[in-house]
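Trainee: Input: one structure, supplied below.
The values are calculated or read from the model by the stated rules, or taken from the named source; none is laboratory data. Keep in mind that this is a model prediction, so the values were computed, not measured. A quick note on method: Cβ atoms are made from the backbone with ideal geometry, for glycine too, and the neighbour counts reach across all protein chains shown. For accessibility, only protein heavy atoms count, side chains too; no ligands or nucleic acids. Shrake-Rupley method; radii C 1.70, N 1.55, O 1.52, S 1.80 Å.
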Amino acid sequence: MTNFIVKKVAVLGAGVMGAQIAAHCINAKVPVVLFDLPGKEGTPKNGIVLKAIEGLKKLSPAPLGNKEHAALIEVANYEDDLAKLAECDLIIEAIAERMDWKHDLYKKVAPHIAPNAIFASNTSGLSITKLSEGFDADLKSRYCGVHFFNPPRYMHLVEIIPTEFTKPEISDQLEGFLTSTLGKGVVRAKDTPNFIANRVGVFGILAIVHEAEKFGLSVDVVDDLTGAKLGRAKSGTFRTADVVGLDTMGHVIKTMQDYLPNDPFAAVYKTPAVLAKLVEKGALGQKTGAGFYKKV
Ligand code: NAD
């Protein structure tokens, strides 16, 4: 596999995935610039990012637990710090799963990306080709999907999703970095809705949630049956949804609805009423402290 030395990574989005991808990189001793929106008025600048950095400290071994690791991470925002992108040879976008928001951000960041850098999205399943629509031919040839799984420090699999425009050496270089530096196992997926793992995984989650609604099964019973009883104590269906984030789960389901309306399993791709209600209340799972589990 091509030996591509990544000297610095930019991660765009310091949420559930972005913060953890950043943590994983710095634990592999790769410096990271972690971007997010500037802090809201009345809170310290970079408030969102600082909160995510606090979250990194909970990981083991704690990435900021020693000076060496702390020196490897820099926090930044899109208003003041875009020039820092020019120093990065890999840019991983991990903002919310909305095509329109990702496009808005891409317009801002594209002019600052270095000429040979790889640009990749951690989208769960949006079309990589559509995401790259506003780019010139050169940036399109350096853009692809890089789908880490949650939690990225522990989940071995990463999907790489090239488009018809992605230069083959870009996928090769990215795979080299993911396997050699981050210790991941890579599967290349086609640019189809939700790629491979989420197409299967979200189908499974939805089928279980619909059955639970139909038979009035509690969260605990379902998680016992689909978690502990299968030897996966911490990954029952509802606990997994809370860890993913219920808003993100809703977006991933919507991708199935938008792009697979005539699929033979389309009836399964309904958004469960209970999930929609929780999202409406702002109970988004682990990241807000409440979801299917009140305290997660
Ligand atoms: P999250 O909600 O935890 O974080 C989203 C981040 O996007 C936040 O830091 C927020 O400040 C930022 N953001 C929101 N709106 C923005 C905007 N308009 N412009 C710029 N930044 C904005 O989400 P997440 O779970 O980290 O998901 C990020 C990406 O990773 C999504 O594409 C998601 O589908 C994908 N993903 C998520 C999981 C998972 O289990 N959560 C797994 C794999 C991939």
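Trainee: Please report, in whole Å³, the volume per residue of the convex hull around the C-alpha atoms of the range 169-296.
Mentor: 140 Å³
Trainee: A further question follows. For every helix of n ≥ 4 consecutive DSSP H residues, a contribution of -39,500 (n - 2.57) applies; sum these over the chain, divide by its total residues, and give [θ] at 222 nm rounded to the nearest 500 deg cm²/dmol.
Mentor: Helices in the chain give a 222 nm mean residue ellipticity of -11000 deg cm²/dmol.
Trainee: Kirkwood Rh, the range 75-124, all Cα pairs: how many Å?
Mentor: Its Kirkwood hydrodynamic radius stands at 11.4 Å.
Trainee: How much of the accessible area of the range 152-296, in percent, comes from carbon and sulfur atoms when a 1.4 Å probe is used?
Mentor: 59 percent
Trainee: Given the options Leu72, Leu34, Leu260, state which has the largest fluctuation in a GNM of the chain using a 10 Å cut-off (strictly under) for Cα springs.
Mentor: Sorting by GNM fluctuation, first place goes to Leu260.
Trainee: Which pairs in the list Lys184/Lys234; Lys229/Lys294; Lys8/Lys234 are over 29 Å apart, alpha-carbon to alpha-carbon?
Mentor: Cα-Cα > 29 Å for Lys8/Lys234; rest within.
Trainee: Where does each of Tyr259, Tyr293, Tyr143 land when they are ordered by accessible area, with a 1.4 Å probe and the largest first?
Mentor: Correct descending sequence by accessible area is Tyr259, Tyr293, Tyr143.
Trainee: I'd like the accessible area for Glu213: 1.4 Å probe, protein heavy atoms, all chains in place, Å² to the nearest 10.
Mentor: About 90 Å², rounded to the nearest 10.
Trainee: What share of all Cα pairs of the chain, in percent, falls into each consecutive 5 Å distance bin?
Mentor: Result returned by the calculation: 1, 5, 11, 16, 18, 17, 14, 10, 5, 2, 0, 0.
Trainee: Roughly what % of DSSP beta bridges within the chain run antiparallel, to the nearest 5?
Mentor: Looking only at bridges with both residues in the chain, the antiparallel portion is about 15 percent.
Trainee: Quick one: ranking Arg239, Arg153 by accessible area, 1.4 Å probe, largest first, what do you get?
Mentor: Greatest to least solvent exposure: Arg239, Arg153.
Trainee: Determine, at each q value in 0.20, 0.22 (inverse angstroms), the log₁₀ of I(q)/I(0) that the Debye formula gives when each Cα of the range 113-177 is one equal point scatterer.
Mentor: Here log10 of I(q) over I(0) equals -0.76, -0.89.
Trainee: What ranking do 171-181, 21-31, 201-211, 101-111 get when scored by the average of other Cβ atoms within 10 Å per residue, highest first?
Mentor: Packing order, densest peptide first, comes out as 21-31, 171-181, 201-211, 101-111.
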